[in-house]
Amino acid sequence: MSYRVQSIIICKPLRTTVRSRCLSLPPRFTPRVFFPCGSYRNRIGMDGNGISVASEVLVGDRELLDKKIAAIRSGGPQKMQVIVDFDRTLTRYSINGQPGQSSHGLLQQGNPEYDAKRQQLYEYYHPLEFSPKIPIEEKTKLMEEWWGKTHALLIEGGLTYDAIKQSVANATIAFREGVAELFEYLEERDIPVLIFSAGLADIIEEVLRQKLHRSFKNVKIVSNRMVFDSDGCLVSFKGKTIHSLNKNEHALDMAAPLHEQLGDADGPNNNNALVKKRTNVLLLGDHIGDLGMSDGLNYETRISVGFLNDNVENSLDSYRKSFDIVYLNDTPMWGVVELVSQLC
Ligand SMILES: [Mg+2]
């Protein structure tokens, strides 16, 4: 869907406490923050001059957001953590007019028969995942079943690490502009970033390697991790399965040791307890369900940022009510970089 919100009246700009040049932001970057006053619906459309201006950000309750920013800022970087979804939050929704692939969707295991079998599972279970008629307990079992069958097919179909590398190289996937700078800024301040994903940690790591060409010691991936034999063939999975309904801070304890290949020489499991003491949270997601990523953390203050990529017309109201800040139009990450600079 290519619906775009246009010409939202600018009410008040976000304060800037760290100038763009300090963050190595591109010279052309100007934060574009738009705060709807009153009914935002009246503000969608062409402006009085008939000039369309694509808007990127909505804040439902500016006063509440200001309070949260002040609370996190006063707690300091040592009390803060960032929890982030991967697909279509860190990555772009659309790339050169084509839909961006997800970390799961990009995988071609080099065995068309098994790729087709996984697709069949997707077609059966995906509608169940979003069915409002299935109770959560039953749905959780269905998700465990789906993930279990998919993982078994990956093993049975002989997935290799080389196939993952090749799949990522061939994939239509890219990070939003500013993601590397966001990670770097947080790394410099020792603020952990937990990437929660119901996909596959090994694929996400390969995407980070191939697309960002570097690692970050503060970035940890909480997801399903594979075990390969000496020939690079998948033989098993570590830890409990992380699926779409248990992708939250409880998963920190269920997941395999985090981030074995991308740094963190201290051993990530040692850090789980420390992470849970960081009770001020910046949460980034592209689905309302992503708000559940902070479940399991007894947080004091949470600022939630939602990236609304699809079905904008129908979802705008619920996103505005659910997230403190909503980004539209597949926007880059610069606004979040700016926000983080205020929080620190
Ligand atoms: Mg997502």
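The values are calculated or read from the model by the stated rules, or taken from the named source; none is laboratory data. These numbers come from a predicted model, not from an experiment. When we count neighbours, we look across all protein chains shown, and the Cβ atoms used for this are built from the backbone with ideal geometry, even at glycine.
Could you give every pair whose Cβ atoms fall below 7 Å, whose first residue belongs to the range 279-291 and is touching a residue at least 60 places away in the same chain (Cβ under 8 Å), and whose second residue is polar (S, T, N, Q) and within 11 Å of the ligand (Cβ to nearest atom), counting only separations of at least 6 or pairs across chains?
These pairs meet every condition: L284/T89; G285/T89; D286/T89; D286/N309.
Just wondering, is there one or more residues in the range 238-259 that are surrounded by 20 or more Cβ atoms within 10 Å (Cβ to Cβ), at pLDDT 85 or above, of a type in the set (A, V, I, L, M) and within 16 Å of the ligand (Cβ to nearest atom)?
Yes.
Can you tell me which residue within the range 76-124, out of those that are among the aromatic types (F, W, Y) and either within 23 Å of L282 (Cα to Cα) or buried (at least 22 other Cβ atoms within 10 Å of the Cβ) (or both), is nearest to the ligand (Cβ to nearest atom)?
Narrowing the range 76-124 to residues among the aromatic types (F, W, Y): 86, 93, 114, 122, 124.
From what's left, either within 23 Å of L282 (Cα to Cα) or buried (at least 22 other Cβ atoms within 10 Å of the Cβ) (or both): 86, 93.
Working: F86: 6, Y93: 9 Å.
If we take residues in the range 76-124 being among the aromatic types (F, W, Y) and either within 23 Å of L282 (Cα to Cα) or buried (at least 22 other Cβ atoms within 10 Å of the Cβ) (or both), then F86 is nearest to the ligand (Cβ to nearest atom).
Does V337 satisfy being within 16 Å of the ligand (Cβ to nearest atom), at pLDDT 95 or above, aliphatic (A, V, I, L, M) and outside any loop (DSSP other than H, G, I, E, B)?
On the way: within 16 Å of the ligand (Cβ to nearest atom): no; at pLDDT 95 or above: yes; aliphatic (A, V, I, L, M): yes; outside any loop (DSSP other than H, G, I, E, B): yes.
Criteria not met by V337.
From the set of residues in the range 215-252 that are in a strand (DSSP E or B) and under 15 Å from the mean Cα position of the chain (by Cα), which is nearest to L128 (Cα to Cα)? Don't jump to the end; show me each part of the working.
Pass one, the range 215-252, residues in a strand (DSSP E or B): 219-228, 233-238.
Going one step further and asking which of them are under 15 Å from the mean Cα position of the chain (by Cα), we end up with 219-223.
Values: V219: 32, K220: 30, I221: 26, V222: 24, S223: 22 Å.
Here the answer is S223.
Mind counting the residues in the range 156-183 that are buried (at least 17 other Cβ atoms within 10 Å of the Cβ) and assigned to a helix (DSSP H, G or I)?
Residues in the range 156-183 being buried (at least 17 other Cβ atoms within 10 Å of the Cβ) and assigned to a helix (DSSP H, G or I): 9 in total.
Residues in the range 49-57: is at least one modelled with pLDDT under 90, among the hydroxyl-bearing types (S, T, Y) and within 22 Å of D324 (Cβ to Cβ)? Outline the logic, then answer.
Here is the first cut: in the range 49-57, the residues modelled with pLDDT under 90 are 49-56.
Next, from what is left, pick out any that are among the hydroxyl-bearing types (S, T, Y): 52, 55.
With within 22 Å of D324 (Cβ to Cβ) added as a condition, the list becomes 55.
Yes, the range 49-57 has at least one match.
Scan the range 88-111 and report the pairs whose first residue is closer than 10 Å to I173 by Cα and part of a strand (DSSP E or B) and whose second residue is of a type in the set (F, W, Y) and more than 11 Å from the ligand (Cβ to nearest atom), with Cβ atoms within less than 7 Å and a gap of 6+ or a chain change.
Every condition considered, the pairs that remain are T91/F175.
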